[in-house]
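Colleague: To start, I am sharing the structure in question, which I have written as structure tokens.
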Amino acid sequence: SAAVGASVAVSGGIGFVGIVVPHLLRLLIGPDNRYLLPASALLGASLLLLADAVARTIVAPAELPIGIVTAVAGAPFFLWILLRKRGVVDL
């Protein structure tokens with residue numbers, strides 16, 4: 001829809017954090033939304049601040065796009081999830 005396109009155009013790949021964090025927390029604290037929702041907000045904000053700090057300092061004085069940092073951090077996690085669902089990785 002137009003709203004999704006506009007939000008991605010404004011924020012870039014930051015929405016990737018919104019996909020990774022709930023999956024990670026669901027593995028750690030379980031499916032109870034009373035805990036999952038506030039924990040997702042707190043961890044998502046913390047990870048985004050960490051990714052921003054990394055993006056600003058890794059090639060200083062230049063700055064990497066934060067979407068690159070979140071994608072590099074999130075891609076291995078999703079690969080692990082995919083392999084785990086298919087039974088290739090045991091954990």
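Colleague: What three numbers, in Å, describe the spread of the alpha carbons of the chain along their principal axes, ordered from the longest?
Modeller: That gives 42, 29, 26 Å along the principal axes, largest extent first.
Colleague: So for segment 2-85, taking the charge dipole from beta-carbon charges (+1 Lys/Arg, -1 Asp/Glu), which of ILE66, VAL20, LEU50 sits furthest toward the positive end?
Modeller: VAL20
Colleague: Can you tell me the relative contact order of the chain? Whole percent, Cα pairs under 8 Å, sequence separation 6 or more.
Modeller: 30 percent.
Colleague: Which FRET efficiency, nearest 0.05, do ASN33 and THR57 yield, Cβ-Cβ r, R0 30 Å?
Modeller: Given R0 = 30 Å and the Cβ-Cβ separation, E is 0.25.
Colleague: If you place +1 on the Cβ of every Lys and Arg and -1 on the Cβ of every Asp and Glu, how big does the dipole about the Cα centre of the chain come out, in debye to the nearest 20?
Modeller: Dipole magnitude for the chain comes out near 260 debye.
Laboratory data are not the source of any read-out in this text; all were calculated from the coordinates shown. The model shown is predicted, which means the values in this text are computed figures rather than measured ones. Glycine also receives a Cβ, built like all others from the backbone with ideal geometry; neighbour counts cover every protein chain displayed.
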